[in-house]
Amino acid sequence: MTVHRPSAGRGVRTLSTALRVLALLLAAVVVILNGASAQPSPPAGPAPAVRTGLDVFLQNPPEVVRGKRVGLITNPSGVDAHLRSSVDLLAADRDIRLVALFGPEHGVRGDQGGGSAVANSVDPKTGLPVYSLYGPTRKPTPAMLRGLDALVFDIQDVGARFYTYTSTLALAMQAAAAQGIPIVVLDRPDPLSGDLVAGPVLDARWASFIGMYPVPVVYGMTIGEYARFINGEFGIGANLTVVGLEGWRRAMWFDQTGLPWVMTSPGIPHFRTVVVYPVTGPIGDTNLSVGTLTTEPFELVGGTFIQPWRLLAALEARRPGGTAFRETYWRGEPWTATGGPEYSGLELRITDRSAYRPLELMLQILATVHQLYPGKFRWGTGATAPYTFDLDMGTDQVRIGLASGETPEQIEQAWEPGLARFLKAREKYLLYR
């Protein structure tokens, strides 16, 4: 297992300041004379406080990929500090040979909806084959990997276990190990910081594609640290290289990095969505609405039967830390020509991150709704209820505890020993302080 650190860079490829200015002036003259637009250069401005693994990789690729045939697992969140796609950047890089793309949920270019199968295709921009990792096949097959010398993974995670990209990473690591192919993870920040760890550790009996390994709901690791953890703790045995971040510290939330946020999936358009996603993601798998068809997905919670003022008063009496609520109304799915059902409930605002406890807040909301509307609240809809909520939690004990009248405090106490064991186990895999 390797952690790649940047060297002095590509020296000869860096122009002096004077030559760079002259080149820009000549390019401007050509544009004026020819009436054509030049290829845009990266915008000027202050450098971000943090450099991603992609930016470090582009400056100095590790030896394991130099001159090699590479496959790239990515999506629209794989961008450099100037919002340029890792697909386009690696395809143009002369130090490697990008020959294949692999599409997770929502696809390489982000053109697939949530839960929709991603088909094998050809990327229209680069002409490269795109192999689906979200459909009948979720693990790269030997045929997909044939002819590759290395796999590269570059996706921004959201720091919540039930988001599927960590499972895509795990299956890719397993496949690469089986074929003897190195895998390189380009590290990206944990947007919720590396200090926030919360929720029950997954019970192996509840392992699924929305949670494969015994980690808590909020695990407080970068995607590179997560790869190191599962590789070492669960015997994957991949030849793993993590291209590390520069300038990132564990206490940093994403909006403190200076990096641009790109929506990681259609339902996570903003960084503020990520902050509340550990709270409302599981709630959305009950019969409550979390506003997924609004401009504030996962920032709302309510139902067709909710009286916002009652829910507001009851929640404020519980005093959940670092959170404020606002009464609100919205429409949702299933959508028809006359609109969707009318929902009412609350908008969530995180006002103090130091006091914010996402899983405690989730428990308080569900306990309050269950208490106020016992005949109307249900743990899900359709044939999968309550199974999906239990998969989110990685256990059925949260649902059983709430349904039997246990307090949120009692439920949290039950998962504390598992959290303590996890925190001790993860220490040796952390890359940043």
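The values are calculated or read from the model by the stated rules, or taken from the named source; none is laboratory data. Being a predicted model, the structure only gives us computed values, none of them experimental. Positions of Cβ are generated from backbone atoms using ideal geometry, with glycine treated the same way; all protein chains shown enter the neighbour counts. Heads up: the accessible areas ignore ligands, DNA and RNA and are worked out on the full protein's heavy atoms, side chains in. Shrake-Rupley method; radii C 1.70, N 1.55, O 1.52, S 1.80 Å.
Okay, here's what the table says:
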read-out: Selected residue [under 28 Å from the mean Cα position of the chain (by Cα), without any contact (Cβ under 8 Å) to a residue 60 or more places away in the chain and assigned to a loop (DSSP other than H, G, I, E, B)] from T295, T328, T286; value: T295
read-out: Residue that is touching a Leu at 6+ places or on another chain (Cβ under 8 Å), without any contact (Cβ under 8 Å) to a residue 60 or more places away in the chain and assigned to a loop (DSSP other than H, G, I, E, B), where the choices are V99, V108, V130; value: V108
read-out: Those helices (runs of 4 or more DSSP H) lying entirely in the stretch 355-432 with at least 3 residues more than 24 Å from the chain's Cα centre (by Cα) and surrounded by 13 or more Cβ atoms within 10 Å (Cβ to Cβ); value: 358-372, 397-403, 408-426
read-out: Filtered residues of the stretch 161-205 (kept if open to solvent by 20 Å² or more (accessible area, probe 1.4 Å), touching a residue at least 12 places away in the same chain (Cβ under 8 Å), assigned to a helix (DSSP H, G or I) and under 21 Å from R426 (Cα atoms)); value: L171, Q174
read-out: Those residues of the stretch 138-160 which are within 24 Å of D392 (Cβ to Cβ), part of a strand (DSSP E or B) and small (G, A, S), in sequence order; value: A160
read-out: Hits in the stretch 141-155 (condition: open to solvent by 10 Å² or more (accessible area, probe 1.4 Å) and either closer than 29 Å to L359 by Cα or without any contact (Cβ under 8 Å) to a residue 40 or more places away in the chain (or both)); value: T141, P142, A143, R146
read-out: Filter pass, R272 being touching a residue at least 24 places away in the same chain (Cβ under 8 Å), part of a loop (DSSP other than H, G, I, E, B) and among the charged types (D, E, K, R); value: no
read-out: Failed item in (1) open to solvent by less than 10 Å² (accessible area, probe 1.4 Å); (2) in a loop (DSSP other than H, G, I, E, B), with G67 passing the rest; value: (1)
read-out: Single residue of the stretch 99-122 satisfying the filter (of a type in the set (D, E, K, R) and touching a Ser or Thr at 6+ places or on another chain (Cβ under 9 Å)) that is most open to solvent (accessible area, probe 1.4 Å); value: R109
read-out: Output for the stretch 224-269, where each listed residue is among the hydroxyl-bearing types (S, T, Y) and either assigned to a loop (DSSP other than H, G, I, E, B) or modelled with pLDDT under 95 (or both); value: T257, T264, S265
read-out: Unique match (being in contact with a helix residue (DSSP H, G or I) (Cβ under 7 Å, 6 or more places away or on another chain) and open to solvent by 30 Å² or more (accessible area, probe 1.4 Å)) among E296, E246; value: E246
read-out: Any pair with Cβ under 7 angstrom, 6 or more apart, that starts in the stretch 50-73 at a residue that is free of Cβ contacts under 8 Å to residues at least 60 places away in the same chain and ends at one that is open to solvent by 10 Å² or more (accessible area, probe 1.4 Å) and outside any loop (DSSP other than H, G, I, E, B); value: L58/L89
read-out: Out of T323, T351, sole residue that is crowded, with 17+ Cβ neighbours inside 10 Å and either touching a strand residue (DSSP E or B) at 6+ places or on another chain (Cβ under 7 Å) or touching a residue at least 40 places away in the same chain (Cβ under 8 Å) (or both); value: T323
read-out: Condition check for K125: touching an Asp or Glu at 6+ places or on another chain (Cβ under 9 Å), assigned to a loop (DSSP other than H, G, I, E, B), charged (D, E, K, R) and surrounded by fewer than 16 Cβ atoms within 10 Å (Cβ to Cβ); value: yes
read-out: Enumeration of residues in the stretch 340-354 that are closer than 23 Å to F377 by Cα and part of a loop (DSSP other than H, G, I, E, B); value: G340, P341
read-out: Residues located in the stretch 206-223, provided they are farther than 20 Å from R138 by Cα and outside any loop (DSSP other than H, G, I, E, B); value: V218
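Residues checked against (1) basic (K, R); (2) outside any strand (DSSP E or B); (3) at pLDDT below 95; (4) closer than 19 Å to I155 by Cα:
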| residue | (1), (2), (3), (4) |
| --- | --- |
| L33 | no, yes, yes, no |
| S37 | no, yes, yes, no |
| L54 | no, yes, no, yes |
| A117 | no, yes, yes, yes |
